[in-house]
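Here the structure is laid out as structure tokens; the discussion comes afterwards.
The values are calculated or read from the model by the stated rules, or taken from the named source; none is laboratory data. Note that the structure is predicted; figures quoted are calculated from it, not measured. So basically every Cβ, Gly included, is an ideal-geometry build from the backbone, and we count neighbours across all protein chains shown.
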Amino acid sequence: MAEITRKLYHQSTAPAVLSTAVKEIGAHWEATRCIAVMGKPGSAPTAVDEYCAEGFKKASAAAITELVPCLQHAVEGIEPLLIQEAAKAPVLQAAKKSVTELGVASILAIPLTDGEEVVGILVLLHNHARSWHPSDLVVLKTLTDQIVIALSAVSSDCWVDLTTPAGQEIFEGILPLGSARTWTEDGPVSLEIGNPGAVTLTVNGVSQPTTAGSPVTLTLGASQSRALFTAWPRASSLIAIMRPLAADGSKHMLVEDPDVAEFYLPAGRHWARWSSTRNIVLPSGKSILIPVNSAGIVGTGAPDAFAKYIASGYFSLIALNFADTTALDHRIAADIRLNHHYKVVEVVPYGPGPYVIWKYQPHAAVQHYQPTIGSSPAHRHHRGTHHRSKRQHRAQR
């Protein structure tokens, strides 16, 4: 699943996100067809894409137009809908012609949601009986969340920072989606792009990357050569966004890898507030250590430990980037969805994948988030690339 998520975030347009989603999900779960339809129930679709297994032709527009509204009507809330023996299903009587035309035996329909609002639907069709394990449904629901986030990413504005090697500011700001800018400088420059693909940039005659989903830092010389820095992700956007969110001096936070945030933020001095996906810090200061091997595999029982604290609202802030402890992160994300007080407040570009940040809002009304990738200004005081080691961090505790 991590590979599918990475592919989604590497797309630069909404059609590419949908095409990648249906192709990767359909092939992975060996579906006869996988169809993604964007649009609110009862409204005309704004986008449709379909994957077909080898040997099958794409469904007619009439068949999709007949089948999908029936499924949208049958789905209860935001929960997945599983239909076996589709030809006999009462909820599909109005789409009986389409079910017969497509030769459908089993259907799994999963709403695509933005907060509590349904914005589309993902449909997996099999021409034979198909049983689904509960873990499959959890994984697919998590992937549908990633689809919506990826679509938001390629529809967002772009934060851009252009400086000289000495740190002199040439440009810093947010460029609207679809805009184009050109700079010509006498010497080398450093360019950081928060949401590549949202804008067209040309620096010293070189067109910049157009792949969305991850921030990019480039050094461009007068000779128009460039080198991609990949050793350590730039943390400026993450720190700038985390700063106000972590400002409450009493609340507990769960961050997949909190070392960078703890190093840069004033809140980092209060180490007992910071838990990671390897260590839950209790109010007493004692810790629940999560056994994780070198491959990021989490020991038995760890997901249940996080589920208990998430259900109780122990963490005021949760930030995951599905990179270090990927399997556990997806389990945690599933538990977060079960507690409706957690709302996505930001998606921040960072290294191998963006950080998704949830905030606990016990009394807030339902809010439909509009995540923006890389649109927040960076923290302007760069303090070097050397971060406090985990060994030193643990010793201080």
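Quick one: what pairs do we get from the stretch 154-177, first residue over 17 Å from P354 (Cα atoms), second at pLDDT below 75 and not charged (D, E, K, R), C-beta under 6 Å, 6+ apart or different chains?
Close Cβ pairs satisfying both conditions: D161/A378; I174/W159; I174/S375; L175/C158; L177/A198.
List the helices (runs of 4 or more DSSP H) that sit entirely inside the stretch 1-82 and contain at least 1 residues that are of a type outside the set (D, E), in contact with a Phe, Trp or Tyr (Cβ under 9 Å, 6 or more places away or on another chain) and surrounded by fewer than 16 Cβ atoms within 10 Å (Cβ to Cβ).
Values: elements: 2-9, 14-28, 61-74.
By residue number, 2-9, 14-28.
Across the stretch 18-57, which residue is nearest to L151 (Cα to Cα) among those that are without any contact (Cβ under 8 Å) to a residue 12 or more places away in the chain and of a type outside the set (G, A, S)? Steps first, answer last, please.
Here is the first cut: in the stretch 18-57, the ones without any contact (Cβ under 8 Å) to a residue 12 or more places away in the chain are 43-44, 46, 54-55, 57.
Right, trim to of a type outside the set (G, A, S) and you get 46, 54, 57.
Details: T46: 13, E54: 27, K57: 27 Å.
Checked the stretch 18-57; the qualifying residue nearest to L151 (Cα to Cα) is T46.
Of the residues I149, I110, only one is farther than 16 Å from V68 by Cβ and buried (at least 21 other Cβ atoms within 10 Å of the Cβ); which? Steps first, answer last, please.
Values: I110 fails: farther than 16 Å from V68 by Cβ.
When all the criteria are applied, what remains is I149.
Surrounded by 15 or more Cβ atoms within 10 Å (Cβ to Cβ), of a type in the set (D, E, K, R), in contact with an Asp or Glu (Cβ under 8 Å, 6 or more places away or on another chain) and assigned to a helix (DSSP H, G or I): is that true of K96 in this structure?
On the way: surrounded by 15 or more Cβ atoms within 10 Å (Cβ to Cβ): yes; of a type in the set (D, E, K, R): yes; in contact with an Asp or Glu (Cβ under 8 Å, 6 or more places away or on another chain): no; assigned to a helix (DSSP H, G or I): yes.
When the stated conditions are applied, K96 does not pass them.
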